[in-house]
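Read the structure below first, then the notes.
Since every read-out is calculated from the coordinates, none of them should be taken as a lab result. Not measured: the values here are computed from a predicted model. Here the Cβ positions follow ideal geometry from the backbone for every residue, glycine too, while neighbour counts run over all protein chains shown.
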Amino acid sequence: MFQNLSERLEGAFKNIKGEGRITELNIAATVKDIRRALVDADVNYKIAKDFTDTVKDKALGSKVLLAVNPGQQMVKIVQDELAELMGGTEAELDIKGSPAVILIAGLQGSGKTTFSGKLANYLKTKKGKSPLLVAADIYRPAAIDQLTVLGGQIGVDVYSERENKDAVAIAQNAIKEAKTKNKNVVIIDTAGRLAIDEVLMTEVANIRNAVTPNEILFVVDSMTGQDAVNTAKSFNDRLDFTGVVLTKLDGDTRGGAALSIKYTVNKPIKFVSSGEKMDTLDVFYPDRMAQRILG
Ligand code: GDP
């Protein structure tokens, strides 16, 4: 994961690690290399610059110049700042209430339906919850089939109304169903489009207004880099979501989305998804991710 970024950062530290004497000059050179590595990983230039300005200030202010092992101290500063950039500490999922309602939104193909299944599986097996999956895609019958198959695999009930073309009513009916069947988390998989459009946004906003969810999770394909960040901004402006799910981290992703989303929309990444199987979901820990990036 983020192999190129890791290698580039390692390269950036190479000189400073080998130096007997560290000067302001070689701190500046290291910082410049870090900035290039971030931009190469598809981090927006302004974010990369802000990041490296902070690293430079901290390095100059924290007596790196006088430290016994300045190279290591510099790596530590970058690691801490990377964790901070990705949100600092992990963000908890709000699953209080009976039932708790989690609304899933994102573009078509982002991995929404797969994630809905994974989340239900996670809540069932790791949190002892009794989830109900809801297929609220009124445009694609195949999406209902897909969720039904996933539900079957993980042993979670799926609610759908094939003839109903009112997504808000389906969501409301599903919550009633959850109450009668003692399900304590309702996960609503909404329709997606290939690009952001008004009908889609209005529909998700209407569902949100009708069911007042505990969480609105925005699902985004991490392989799409800066596009992922722009899409996140559009969805957040409209929906004010509560968290981000980064999918396809098992692919050849450069890291830009993971590093930039929190900075751009000020919402935490809550989960990362890395595969098509139902157990490939992880809670997102910014500090562990930063550690991994710096190897
Ligand atoms: P939706 O249109 O947003 O509901 O997206 P889907 O859940 O149908 O996912 C689109 C495609 O991406 C499917 O072929 C999924 O199997 C695949 N997919 C979803 N999540 C992941 C992931 O984390 N890693 C990989 N490699 N593929 C994924």
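Observations, loosely collected:
- Charged side chains reduced to their Cβ positions (Lys and Arg at +1, Asp and Glu at -1) give the stretch 21-93 a dipole of some 460 debye around its Cα centre.
- Over all Cα atoms in the chain, the spread is summed up by Rg and Dmax: 21.4, 73 Å.
- The stretch 259-280 and the stretch 13-64 have Cα centres lying 26 Å from one another.
- Extension gain, Glu163 to Lys49, is 35.8 nm, computed as 0.36 nm per intervening residue step minus the present C-alpha separation.
- Sequence-separation-based contact order of the stretch 1-135, relative, with Cα cut under 8 Å and 6+ spacing, percent: 17
- Mean residue ellipticity (222 nm) of the chain, computed from DSSP H runs ≥ 4 via -39,500 (n - 2.57), nearest 500: -17000 deg cm²/dmol
- Spacing of the two label points (7 Å from each Cα toward its C-beta) at Asp237 and Arg288, in nm: 3.5
- Two-site FRET efficiency, Thr125 against Lys32, from Cβ-Cβ distance with R₀ of 35 Å, rounded to 0.05: 0.15
- Residue ranges 30-38, 5-13 sort as 30-38, 5-13 when ordered by packing (mean number of other C-beta atoms within 10 Å per residue, highest first).
- Quarter of Cα convex hull surface for the stretch 1-92, i.e. mean projection, nm²: 6.3
- Length-normalised contact order of the chain in % [C-alpha pairs under 8 Å, at least 6 apart]: 26
- Counted residue by residue at 0.36 nm each, then reduced by the alpha carbon distance between them, the extension gain from Gln79 to Asp227 reaches 50.8 nm.
- Computed from the alpha carbon positions, the gyration tensor of the stretch 77-131 leads to an equivalent ellipsoid with semi-axes of 27, 17, 11 Å, biggest first.
- More than 19 angstrom apart: percent of Cα pairs within the stretch 108-195: 33
- Principal-axis tilt of helix 45-61 within the chain, Cα atoms, nearest 10 degrees: 50
- If the segment from Ile196 to Thr280 were pulled out straight at 0.36 nm per residue, it would be longer than the present Cα-Cα gap by 27.5 nm.
- Summing charges over neighbours of Val101, with a neighbour being any other residue whose Cβ is under 13 Å away from its Cβ, gives +2 when K and R count +1 and D and E count -1.
- Restricting the stretch 215-295 to trypsin sites (Lys or Arg not before Pro) that sit in a DSSP loop and have at most 14 other Cβ atoms within 10 Å of their own Cβ leaves Lys277.
- With contacts taken as Cα pairs under 8 Å at a separation of at least 6 residues, the stretch 173-295 carries a relative contact order of 19 percent.
- Magnitude of the charge dipole, the chain, Cβ model with Lys/Arg +1 and Asp/Glu -1, debye to 20: 560
- Semi-axes of the equivalent ellipsoid for the stretch 38-167, Cα gyration tensor, largest first, Å: 45, 18, 12
- Rounded to the nearest 5, the antiparallel percentage of DSSP beta bridges internal to the chain is 10%.
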